[in-house]
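Undergrad: Below you will find the structure I want to go over with you.
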Amino acid sequence: MVESLASIELASLALLLVGIGLAFSDIRLSGWVLGWILLSGALLVQWFRSILNYSIEHGGVDPKIYQIADDWMGLGFSLLIVASMYMMREVLARHSLADERLRAISAVAQDAVIMMDNRGRVAFWNQAGQRVFGYSGQEARGKKLHELIVPERYRVDFEKKFVEFRTTGQGPAIGKTVELAGRRKDGVEIVTEVSISGVNINAIWHAICIFRDITERKRTEQMLGLEDAVGRCLDGADNTSEALRAVIRAICQTQNWECGRFLRADDAAGVLRLDEFWSVPDAAIEQLLAASQGFPYGPGVGVAGKVWQSGQPLWIADVTKDARALSAIFKAESGIRGAFVFPVKAEGMTLGVFAFNSREIHEPDAQLLAAVRAIGSEVGGFLRRMHAEAT
């Protein structure tokens with residue numbers, strides 16, 4: 001029995017020394033893991049003391065040996081408990097301080113600050129997240145991030161890349177600033193600039209993402225690019241017809257319109273007539289163009305006539321629900337929905353109008369409406385110069 005007690009005492013002492021050594025060493029184990037190891041050691045020592053008490057009650061241990069062993073085990077139990085509580089307190093303090101710092105910084109941040117755990121669920125969501133994506137922190141926390149803000153067509157790719165991150169903390173976007181498509185709560189897609197970093201918390205990889213909504217900035221860049229493209233179309237054209245078709249095509253392809261027409265003003269007849277057009281291959285679009293051939297638009301007649309008369313752009317999201325659309329051209333069964341018309345001017349006179357249509361409903365775009373004023377003037381100046389050269 002004496003040998004058994006000596007072995008228990010040595011084991012307890014060894015466990016005590018290992019636990020304390022780990023607690024204050026440079027070995028980078030999780031604080032929670034160390035705390036639980038130390039606490040488990042304390043419980044194991046207490047179990048040894050229970051065996052010792054049982055042995056002394058049945059006369060199997062010398063009282064002097066029992067007293068020495070019990071004193072040592074009591075000391076070991078106390079130290080292990082203190083060490084385990086110290087480790088857990090330090091972990092809680094670090095986490096609390098980090099959480100307070102994160103909340104304080106993110107509360108004043110203008111960008112959305114979002115933390116995602118290794119299951120892809122939202123662990124933190126600041127106030128700016130609601131402004132950018134429309135979800136409150138209460139709505140977002142615990143939800144899968146990609147289901148909240150990633151457009152559906154990109155979700156499979158997101159999940160594939162996330163598999164690598166959850167195990168290694170690495171990925172193609174980690175440590176970089178990239179542009180990603182986002183989706184708001186109302187379903188509207190936006191363009192975001194996001195910086196992503198990986199952080200290891202208790203041996204679990206988390207991603208901290210900082211999102212900035214750059215939709216307006218990108219749209220402004222697109223409009224400047226469109227104006228430049230229109231300028232190149234006009235500079236590189238050999239004749240008026242080629243230039244007009246190139247301009248129509250550039251606007252259709254960059255702004256997602258399926259058909260574009262230029263209706264030139266016939267001052268002698270007092271009407272607008274179809275001059276040039278471009279479209280995607282489609283039966284409904286071809287019917288629209290066929291109906292436009294030879295159709296005279298008088299001042300105030302149809303969308304084109306109203307723009308010619310007012311000299312102001314006009315945008316109709318759905319022509320089937322707007323009385324200003326000409327029913328003879330835009331029939332419900334044609335499938336045409338969106339319409340956008342703006343004037344082409346020179347020296348205060350409206351020389352014609354550009355008309356664009358789509359089978360999709362197009363909501364008004366303030367950036368494009370502003371850009372076409374410059375485009376209309378640029379094309380108008382080009383037409384004036386070409387007319388002067390021809391005469």
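Undergrad: When you look at residue 204, is it open to solvent by 50 Å² or more (accessible area, probe 1.4 Å), modelled with pLDDT under 90 and within 18 Å of residue 114 (Cβ to Cβ), yes or no?
TA: Working: open to solvent by 50 Å² or more (accessible area, probe 1.4 Å): yes; modelled with pLDDT under 90: yes; within 18 Å of residue 114 (Cβ to Cβ): yes.
Yes; evaluated as a whole, the condition is true for this residue.
Undergrad: Scanning segment 279-311 for residues that are surrounded by fewer than 16 Cβ atoms within 10 Å (Cβ to Cβ) and either in contact with an Asp or Glu (Cβ under 7 Å, 6 or more places away or on another chain) or among the acidic types (Asp, Glu) (or both), which turns out modelled with the highest pLDDT?
TA: So, considering only residues that are surrounded by fewer than 16 Cβ atoms within 10 Å (Cβ to Cβ) and either in contact with an Asp or Glu (Cβ under 7 Å, 6 or more places away or on another chain) or among the acidic types (Asp, Glu) (or both), the one modelled with the highest pLDDT is 280.
Undergrad: Further question on the same structure: Just name the residue that is modelled with the highest pLDDT out of those in segment 376-391 that are part of a helix (DSSP H, G or I) and open to solvent by 80 Å² or more (accessible area, probe 1.4 Å). Write out each step before concluding.
TA: Here is the first cut: in segment 376-391, the ones part of a helix (DSSP H, G or I) are 376-390.
Within this subset, residues satisfying the condition of being open to solvent by 80 Å² or more (accessible area, probe 1.4 Å) are 385, 387, 389-390.
Details: 385: 90, 387: 83, 389: 82, 390: 76.
This residue is 385.
Undergrad: Scan 373, 324, 359, 337 and give me the residue that is basic (Lys, Arg), modelled with pLDDT of 90 or more and more than 18 Å from residue 273 (Cβ to Cβ).
TA: Details: 324 fails: modelled with pLDDT of 90 or more; 359 fails: modelled with pLDDT of 90 or more; 337 fails: modelled with pLDDT of 90 or more.
The match here is 373.
Undergrad: Taking the options 220, 177, 215, name whichever one is within 13 Å of the chain's Cα centre (by Cα), within 30 Å of residue 154 (Cα to Cα) and surrounded by 12 or more Cβ atoms within 10 Å (Cβ to Cβ). Can you show your working first?
TA: Working: 220 fails: within 13 Å of the chain's Cα centre (by Cα); 177 fails: surrounded by 12 or more Cβ atoms within 10 Å (Cβ to Cβ).
Being within 13 Å of the chain's Cα centre (by Cα), within 30 Å of residue 154 (Cα to Cα) and surrounded by 12 or more Cβ atoms within 10 Å (Cβ to Cβ) holds for just one of 220, 177, 215, which is 215.
This table checks each residue for (1) surrounded by fewer than 19 Cβ atoms within 10 Å (Cβ to Cβ); (2) within 30 Å of residue 192 (Cβ to Cβ); (3) modelled with pLDDT of 90 or more.
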site: 252; (1), (2), (3): no, yes, yes
site: 260; (1), (2), (3): no, no, yes
site: 264; (1), (2), (3): yes, no, yes
site: 277; (1), (2), (3): no, no, yes
site: 313; (1), (2), (3): no, yes, yes
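Undergrad: With respect to residue 147, determine if the residue is in contact (Cβ under 8 Å) with a residue 12 or more places away in the chain, among the acidic types (Asp, Glu) and open to solvent by 20 Å² or more (accessible area, probe 1.4 Å). First the steps, then the outcome.
TA: Numbers: in contact (Cβ under 8 Å) with a residue 12 or more places away in the chain: no; among the acidic types (Asp, Glu): yes; open to solvent by 20 Å² or more (accessible area, probe 1.4 Å): yes.
So residue 147 fails the test.
Undergrad: Just to be sure before I move on: is residue 262 more than 26 Å from residue 359 (Cα to Cα) and of a type in the set (Phe, Trp, Tyr) in the structure I sent? Talk me through it step by step, then tell me what you get.
TA: Details: more than 26 Å from residue 359 (Cα to Cα): no; of a type in the set (Phe, Trp, Tyr): yes.
So residue 262 does not fit the description; no.
Undergrad: Limited to segment 228-244, what total is found for residues that are within 28 Å of residue 391 (Cβ to Cβ) and surrounded by fewer than 18 Cβ atoms within 10 Å (Cβ to Cβ)?
TA: Pass one, segment 228-244, residues within 28 Å of residue 391 (Cβ to Cβ): 230-244.
If we keep only those that are surrounded by fewer than 18 Cβ atoms within 10 Å (Cβ to Cβ) as well, we get 231-232, 235-239, 241-242.
Residues flagged as within 28 Å of residue 391 (Cβ to Cβ) and surrounded by fewer than 18 Cβ atoms within 10 Å (Cβ to Cβ) within segment 228-244 amount to 9.
Undergrad: Would you mention how many residues in segment 228-284 are of a type in the set (Val, Ile, Thr) and touching a residue at least 60 places away in the same chain (Cβ under 8 Å)? Outline the logic, then answer.
TA: Residues of segment 228-284 of a type in the set (Val, Ile, Thr): 230, 240, 247-248, 251, 254, 271, 280.
Then keep just the ones that are touching a residue at least 60 places away in the same chain (Cβ under 8 Å); that gives 230, 240, 247-248, 251.
So the count comes out to 5.
To keep it simple, each residue is scored yes or no on (1) in a helix (DSSP H, G or I); (2) at pLDDT 90 or above; (3) within 30 Å of residue 221 (Cβ to Cβ).
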residue: 138; (1), (2), (3): yes, yes, no
residue: 166; (1), (2), (3): yes, no, no
residue: 192; (1), (2), (3): no, yes, yes
residue: 197; (1), (2), (3): no, no, yes
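Undergrad: Determine which single condition residue 212 fails, assuming it passes every other condition in (1) without any contact (Cβ under 8 Å) to a residue 24 or more places away in the chain; (2) in a strand (DSSP E or B); (3) among the basic types (Lys, Arg).
TA: Here residue 212 clears every test but (1).
Undergrad: Mind counting the residues in segment 180-190 that are part of a strand (DSSP E or B) and surrounded by fewer than 18 Cβ atoms within 10 Å (Cβ to Cβ)?
TA: Residues in segment 180-190 being part of a strand (DSSP E or B) and surrounded by fewer than 18 Cβ atoms within 10 Å (Cβ to Cβ): 2 in total.
Undergrad: Now, a different point. When segment 181-195 is examined, which residues are found to be touching a strand residue (DSSP E or B) at 6+ places or on another chain (Cβ under 6 Å) and without any contact (Cβ under 8 Å) to a residue 24 or more places away in the chain?
TA: Those that are touching a strand residue (DSSP E or B) at 6+ places or on another chain (Cβ under 6 Å) and without any contact (Cβ under 8 Å) to a residue 24 or more places away in the chain: 193, 194, 195.
The values are calculated or read from the model by the stated rules, or taken from the named source; none is laboratory data. None of these values were measured; they are calculated from a predicted model. Neighbour counts run over all protein chains shown; Cβ positions are idealised from the backbone, glycine included. These accessible areas exclude ligands, DNA and RNA; they are computed on the full protein's heavy atoms, side chains included. Shrake-Rupley method; radii C 1.70, N 1.55, O 1.52, S 1.80 Å.
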